[in-house]
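S.K.: Questions regarding the structure given below will be posed in turn.
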Amino acid sequence: MAAARERAAGHRRRFDLRFEAYFAALPERLDTPPLSRFTPRCLELLRDLSLRGGKRLRVALLYEAARLVTTDPAPGLAEAALSIELLQTHGLVHDDIIDDAPVRRGGPSTYYAYRREFPQADRTALGLAVLAGDLAAFLSMRVLLEADVPAELRQAMLEVQLDAAAETVTGQIVDLERDFLALPDEEFLHTVCEYKSTRYSVLAPLRLGLLAAGEDVAAHDARLRRYATLVGIGGQLRDDYLDLFGDEDTTGKSTGADLRAGRRSYAVSALLAAASEPQRAEVESVLGDPHCSAGAVGRVRELARSLGVDGRLRSDMRRCAEAAGAEAAGWRPHWREEAVAFFAGLPLSNVLPGG
């Protein structure tokens, strides 16, 4: 597990330098209106959010997927990494608009940065934030178009990313639909997770890395999907757990955001399922209240702890991680041992301490 974390950290360090260089060169490469003041500010905010933290797990998955096949440099990996993280930036900007979230990665969300700059023009702030997220998505695809790789590989990579982007948007739609269900069942929660995050955060990097290494992705798609599903659910369980039980200084996000947004996440749904009728009414009274106080969030947190929701979520996280590790261990007949060991060890390395 320690080796997996160290390898992932190395990928992050190298990518962050490349990402910084990309944004430094972007104003000269992008044809923007020369008299515009708003456009440079948009690029500045995208740069700030993109470079401000983030685990870069997608980047690690991408590079290690290529290493499943070869240790030789694989064409298109650098561009694929940029594309993946630009698409992530797009998702974060739009997520924070949908959730009305003021904080992201320890700083102001793009939406709230614009709200502070245009306090008397709410529609302008909203419009600029939407457009900033859109721009990040288009830049994500442009990076792949500029990759110096054979046309067939470029086309295959673009198809992976375009599919991932479209599926993520449908995931956002289903995410909003989930919150109109009184108590979403596990199948619905897993569906939201798969479309909103798993396909672009785990499956797409795996496919892109293998494509760059010259592998026949279709021949291995079933095992990639099984691994991605388990990792994705485990990661979402972790995020939902931290939203209710985490420390804002550690996560860089406001705790209780799911409660205030009325989001029936894994954690909130588990709490509602475990609660008695009076307890459920207490939770419902604050669920969806954007002005829900920190004290009210704290009371819900303590109720969840008293009902064992925190322990259940931790147990589910570990179960997903162990199953994902076992799935990756089954890749040994197909791919290089060193990289297989990375994928086998990675899920458990992301389990919360004590989980």
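The values are calculated or read from the model by the stated rules, or taken from the named source; none is laboratory data. Keep in mind it's a predicted model, so treat the numbers as computed, not measured. When we count neighbours, we look across all protein chains shown, and the Cβ atoms used for this are built from the backbone with ideal geometry, even at glycine. Note: areas computed on protein heavy atoms with side chains; ligands, DNA, RNA excluded. Shrake-Rupley method; radii C 1.70, N 1.55, O 1.52, S 1.80 Å.
S.K.: Considering only residues that are of a type in the set (Lys, Arg) and open to solvent by 40 Å² or more (accessible area, probe 1.4 Å), look in region 197-228 and name the one that is farthest from the chain's Cα centre (by Cα).
M.R.: Looking only at region 197-228, we keep the residues that are of a type in the set (Lys, Arg), and these are 199, 207, 223, 225-226.
In the following step, the residues that additionally are open to solvent by 40 Å² or more (accessible area, probe 1.4 Å) were identified as 207, 223, 225-226.
Details: Arg207: 17, Arg223: 21, Arg225: 17, Arg226: 18 Å.
The selected residue is Arg223.
S.K.: Can you pull out every residue in region 8-57 that is open to solvent by 40 Å² or more (accessible area, probe 1.4 Å) and touching an Asp or Glu at 6+ places or on another chain (Cβ under 7 Å)?
M.R.: If the condition is that a residue be open to solvent by 40 Å² or more (accessible area, probe 1.4 Å) and touching an Asp or Glu at 6+ places or on another chain (Cβ under 7 Å), then Leu51 is the only one that fits.
S.K.: Checking Leu61 against (1) in contact (Cβ under 8 Å) with a residue 60 or more places away in the chain; (2) within 18 Å of Leu144 (Cβ to Cβ); (3) open to solvent by 10 Å² or more (accessible area, probe 1.4 Å), which test does it fail?
M.R.: With respect to (1) in contact (Cβ under 8 Å) with a residue 60 or more places away in the chain; (2) within 18 Å of Leu144 (Cβ to Cβ); (3) open to solvent by 10 Å² or more (accessible area, probe 1.4 Å), Leu61 is out only on (3).
S.K.: For the list (1) out of contact with any strand residue (DSSP E or B) (no Cβ under 8 Å at 6 or more places or on another chain); (2) at pLDDT 95 or above; (3) over 26 Å from Gly232 (Cβ atoms), I need the number of the one condition that Pro108 fails.
M.R.: For Pro108, the failing item is (2).
S.K.: Find all pairs meeting these conditions: Cβ atoms under 6 angstrom apart; at least six residues apart or on different chains; first residue within region 307-321 and free of Cβ contacts under 8 Å to residues at least 40 places away in the same chain; second residue aliphatic (A, V, I, L, M).
M.R.: So the pair list comes out as Leu307/Ala274; Arg318/Val351.
S.K.: From Arg299, Arg280, Arg312, Arg263, grab the single residue that is within 26 Å of the chain's Cα centre (by Cα), farther than 24 Å from Gly53 by Cβ and basic (Lys, Arg).
M.R.: Arg312
S.K.: Name the residue, out of Arg123, Arg105, that is in contact with a helix residue (DSSP H, G or I) (Cβ under 9 Å, 6 or more places away or on another chain), open to solvent by 30 Å² or more (accessible area, probe 1.4 Å) and either of a type outside the set (Phe, Trp, Tyr) or in contact (Cβ under 8 Å) with a residue 12 or more places away in the chain (or both).
M.R.: Answer to the check: Arg105.
S.K.: State whether the residues of region 345-352 include one that is polar (S, T, N, Q), over 16 Å from Ser265 (Cα atoms) and open to solvent by less than 20 Å² (accessible area, probe 1.4 Å).
M.R.: yes
S.K.: Going by the conditions given, is Glu177 in contact with a helix residue (DSSP H, G or I) (Cβ under 6 Å, 6 or more places away or on another chain) and surrounded by fewer than 21 Cβ atoms within 10 Å (Cβ to Cβ)? Don't jump to the end; show me each part of the working.
M.R.: Numbers: in contact with a helix residue (DSSP H, G or I) (Cβ under 6 Å, 6 or more places away or on another chain): no; surrounded by fewer than 21 Cβ atoms within 10 Å (Cβ to Cβ): yes.
Judged against the criteria, Glu177 is not a match.
S.K.: So in region 25-58, with the set limited to residues that are in a helix (DSSP H, G or I) and small (Gly, Ala, Ser), which one is nearest to the chain's Cα centre (by Cα)?
M.R.: Taking the candidates together, the pick is Ser50.
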